[in-house]
């Protein structure tokens, strides 16, 4: 083949692929730093400590500053995402659904995968082992702590399930009183301290119960020496709930979304210690998430909003 033709073909290939190569880096000119919201439900120092290695690793991988912003509750992250003040967060499924309903400006990127290959977890109601309460029926006349109004396992799913079972959630109707503890960890501590008789929280429901299962609020507290599972009894479990996604603002550049997804998919492979820290246990990694996974939660939240009007 004549050299002139070869040169021309090379120029054409370069012209075709050069824009793609350039666009892959263009997002760094648009995004000067990545702002990550940390949901409430755990004391601030513990949250920041869990994400410290993750922050450094992500910053080095992306080549831009990464800042962490812990919120007092789930609503803080949801509102900041809608206002464009945060770029990404690891949402609960209910918080993601609520944020999507507020602005349709967020999208799921990856979702944690459990040891059995599923992307689901459960809600669990726990009581002190010495409480004498052994079932949901025994809870009549006792107090119940929800975790957060924007938590799927800590409020949305348990409240919907209990209502469907014919339990009136008004104070005094079935439970002596109900209230929001301010998060999963706070709810468990309230039960241990006898401030409430029971609370609802999240867990994978897989693995060794003595360790708080493989992932979840119970496992996180066991790992940090804050809890012995022998002190608690699980008296109720929900059906399957989709794991909360890592979600990004939809307006962020496609190149950044691709880079972040690749980072997360590789995290449990190349840096399992950091993965275990942020996921509070030992799942097996992440898979790509789609909006369809959260449609049921979105519909449930929309129905709850309509019912409250």
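The values are calculated or read from the model by the stated rules, or taken from the named source; none is laboratory data. Because the structure is a prediction, the values reported are computed rather than measured. As a convention, Cβ positions derive from the backbone with ideal geometry for all residues, glycine included, and neighbour counts pool all protein chains shown.
So that you can scan it fast, the table gives a plain yes or no per residue for (1) farther than 30 Å from residue 262 by Cα; (2) assigned by TED's automatic domain parsing to the domain that holds residue 206; (3) outside any loop (DSSP other than H, G, I, E, B); (4) touching a strand residue (DSSP E or B) at 6+ places or on another chain (Cβ under 8 Å):
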position	(1), (2), (3), (4)
107	no, no, yes, yes
145	yes, yes, yes, yes
174	yes, yes, no, no
191	yes, yes, yes, yes
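Going through (1) in a helix (DSSP H, G or I); (2) within 22 Å of residue 28 (Cα to Cα); (3) over 17 Å from the mean Cα position of the chain (by Cα) one by one, residue 102 falls short only on (2).
Filter the range 1-43 down to residues that are touching a strand residue (DSSP E or B) at 6+ places or on another chain (Cβ under 8 Å) and at pLDDT 80 or above and give me whichever is farthest from residue 75 (Cα to Cα). Show your work before the answer.
Taking the range 1-43 and keeping what is touching a strand residue (DSSP E or B) at 6+ places or on another chain (Cβ under 8 Å), we get 33-40.
Next, only the ones that are at pLDDT 80 or above stay: 33-39.
Numbers: 33: 23, 34: 20, 35: 16, 36: 14, 37: 11, 38: 11, 39: 8 Å.
If we take residues in the range 1-43 being touching a strand residue (DSSP E or B) at 6+ places or on another chain (Cβ under 8 Å) and at pLDDT 80 or above, then 33 is farthest from residue 75 (Cα to Cα).
Scanning the range 241-296 for residues that are assigned to a loop (DSSP other than H, G, I, E, B) and under 17 Å from residue 95 (Cα atoms) yields 243, 244, 245, 250, 289, 290.
Inspection of the range 195-208 identifies no residue that is within 20 Å of residue 138 (Cα to Cα) and part of a helix (DSSP H, G or I). If you go through the range 210-230, how many residues are surrounded by fewer than 20 Cβ atoms within 10 Å (Cβ to Cβ), touching a residue at least 24 places away in the same chain (Cβ under 8 Å) and not in a loop (DSSP other than H, G, I, E, B)? Total satisfying the criteria: 2. Note on the range 204-260: residues that are in contact with a strand residue (DSSP E or B) (Cβ under 6 Å, 6 or more places away or on another chain) and farther than 30 Å from residue 84 by Cα amount to 15.
Scoring residue 299 on the criteria (1) closer than 28 Å to residue 218 by Cβ; (2) exposed (fewer than 14 other Cβ atoms within 10 Å of the Cβ); (3) without any contact (Cβ under 8 Å) to a residue 40 or more places away in the chain leaves a single failure, condition (1).
Any residue in the range 82-90 that is under 18 Å from the mean Cα position of the chain (by Cα), surrounded by fewer than 21 Cβ atoms within 10 Å (Cβ to Cβ) and modelled with pLDDT under 95? For the range 82-90, residues under 18 Å from the mean Cα position of the chain (by Cα), surrounded by fewer than 21 Cβ atoms within 10 Å (Cβ to Cβ) and modelled with pLDDT under 95: present.
How many of the residues making up the range 133-185 are touching a residue at least 40 places away in the same chain (Cβ under 8 Å) and under 24 Å from residue 302 (Cα atoms)? Break it down stepwise before answering.
From the range 133-185, those touching a residue at least 40 places away in the same chain (Cβ under 8 Å) are 133-136, 138-139, 142-158, 160-161, 182-185; that's our starting set.
Right, trim to under 24 Å from residue 302 (Cα atoms) and you get 145-158, 160-161, 182-184.
Qualifying residue count for the region: 19.
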